[in-house]
Structures are given as C-alpha cells and as structure tokens.
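Laboratory data are not the source of any read-out in this text; all were calculated from the coordinates shown. Quick caveat, the model's predicted, so the values are computed rather than measured. Glycine also receives a Cβ, built like all others from the backbone with ideal geometry; neighbour counts cover every protein chain displayed.
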Amino acid sequence: MKPYLLSTLKALGLLGAIERKIELSSQELAARLGISQQTASRYLLELDQDHLIMRELGIKKQLISITPQGRDALEAEFLSYQQLFTLSSQVVFNGRIVSGLGEGKYYTAHPGYQRQFEEKLGFTPYPGTLNVEIPALDRNKLRLLGSGGIPIEEFRTDNRTFGSVLCFKATINGVKAAIVLPKRSHYTAVLECISPYHLKEKLSLKDGDSVEVVVSLTT
C-alpha cells in the first residue's frame, strides 16, 4: 500500500472508523494530516476505490468507515511493528485441519525433496502434509516471515522440474514439524505442514480440529 494511503487509513482508524461510521469532512481530514483539502479528498477517493473504506453522504459531512480489507491492512502494519519492537523469534498461528488434494504425499516422498529435508531440517518427513487453514487475520502474520526461511532448491528429473520452496521449523501442538511455503509468495490460506510423524495419528486429529502452529523465525 502507498505510504500516504496507509497514513490516512491510520488517521481514520484513530478517529474510530474501525468500529463505527464517523462524520468527517475532507477539510477536517486535511487539517489533521497537514495537507490540502484537495489532496485529502483524493486520498479518500483512492481508499474508497481500493475498497479500504466505505463512504456515504451525511447531512453536512461524509460518513466514513473502514472495511474488513482496510482493517486487515492496519492489522498487518501493527504486526510488523510488534515484530520490530518485541524481536520475537516465533510466530503463532491458530487454525483448523482441512483435507488436501493428496499431492503432498507425492512430493514429500520424492527423493529429491527428501534428501534436502533430511539435510536442512534434520528429519525425513512422513509422506504427506497436514493442512491447516488459518483465518483471514492470522494470514497477515505471514508477512512476519519476511524473506527468511530454509530454502529447498528446485531440481530436475528426466520428465519435469520440481520447484523450490521455503521451509520454516515449527511445532504443531508441541510436536516437531515444519511448514512449507511457495518460494515466490508467502500469502496463503492454508499452511502445509510436514513432520517426521504421522501428525493426525500422533495427535489424534481429524478434519475440523483446531491446532496451534508455532513457527520459528530462526534457522
């Protein structure tokens, strides 16, 4: 998000627009931000077009509220600052078990991946992945993973190329594991987890059960 839009969104949030509709004129917003009224009007228009706020016409002023997308943007900023000042070495996700497509078993059992998992994670994963769906607000925490992670490099066979991924050491309800993310993108609704154990059996889990995934930011 453009920095000036984030600053405007913060200002609206501090005025209470996260929880309710607030009455605000572009002139009042301009005075609060130290910018011209014309610029303030443009910022509000951009936020509206990006679906970060909703605007309605009031009697004398606009009625403005922050949308769920806008709230997510502020939540992501908050988490970034929280990570900056607490210097936490872990990120905690809470989610629920969901069924996958069965592809995880094929990939985790491939020798090209297994050799790297053993070398870099210290274990050979049980064939398959445990899929944990995380709620929308928790997905913002994925940004805290930054550009770190343990790289699992791509490799080629006679028939195809297997892509690179990033792994982060983790625990699932306290049991040793790792999460696997696409190298080019950290944004996902489902965490794919690998472990030396058959996690569903070891933890007596079934689809729909809640779990805690604690991800280490250190390698």
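Which of the DSSP-defined H helices in the chain satisfy a minimum axial length of 15 Å, computed from C-alpha atoms, and a minimum mean Kyte-Doolittle hydropathy of 0.0?
3-14
Give me the percent relative contact order of the chain, please, defined on Cα pairs under 8 angstrom at least 6 residues apart.
Across the chain, relative contact order equals 19 percent.
Order the peptides 108-118, 192-202 from the highest to the lowest mean number of other Cβ atoms within 10 Å of their residues.
192-202, 108-118
Name the residue, out of 206, 183, 60, whose mean-square fluctuation peaks in a Gaussian network model built on the chain with Cα pairs under 10 Å.
60
What does the charge add up to near residue 140, with Lys and Arg as +1, Asp and Glu as -1, over the other residues with Cβ less than 12 Å from its Cβ?
Net local charge, residue 140 excluded: 0.
Per Stokes-Einstein, at 25 °C and 0.890 mPa s, what whole-number D in µm² s⁻¹ belongs to the chain, with the Kirkwood radius over Cα pairs as the hydrodynamic radius?
It diffuses with D of about 124 µm²/s by this estimate.
Can you give me the distance in nm between label points at residue 120 and residue 10, each placed 7 Å from the Cα along the Cα-to-Cβ direction?
3.5
Taking a threshold of 23 Å on the Cα-Cα distance, which of the pairs 2/61; 120/176; 141/169; 10/169; 141/200 fall above it?
From 2/61; 120/176; 141/169; 10/169; 141/200, over 23 Å: 2/61; 10/169; 141/200.
How much length is gained on full extension from residue 23 to residue 89, taking 0.36 nm per residue of separation minus their Cα-Cα distance?
Separation in residues times 0.36 nm, less the Cα-Cα distance, equals 19.6 nm.
Pop the C-beta distance of residue 46 and residue 189 into the FRET formula with R0 = 22 Å and round what comes out to the nearest 0.05. If you can, show how the numbers build up before the last one.
Details: r = 27 Å, r/R0 = 1.22.
For residue 46 and residue 189, the calculated efficiency is 0.25.
Put +1 on the Cβ of each Lys and Arg and -1 on the Cβ of each Asp and Glu in the chain; which of 110, 92, 54 then has its Cα farthest toward the positive end of the dipole?
54
Given the rule -39500 (n - 2.57) for each run of at least 4 DSSP H residues, summed and divided by the residues of the chain, what is its mean residue ellipticity at 222 nm, to the nearest 500 deg cm²/dmol?
Per the formula, -10000 deg cm²/dmol.
Under a crude label model (7 Å from the Cα following the beta-carbon direction), how far is residue 143 from residue 55 in nanometres?
It is 2.4 nm.
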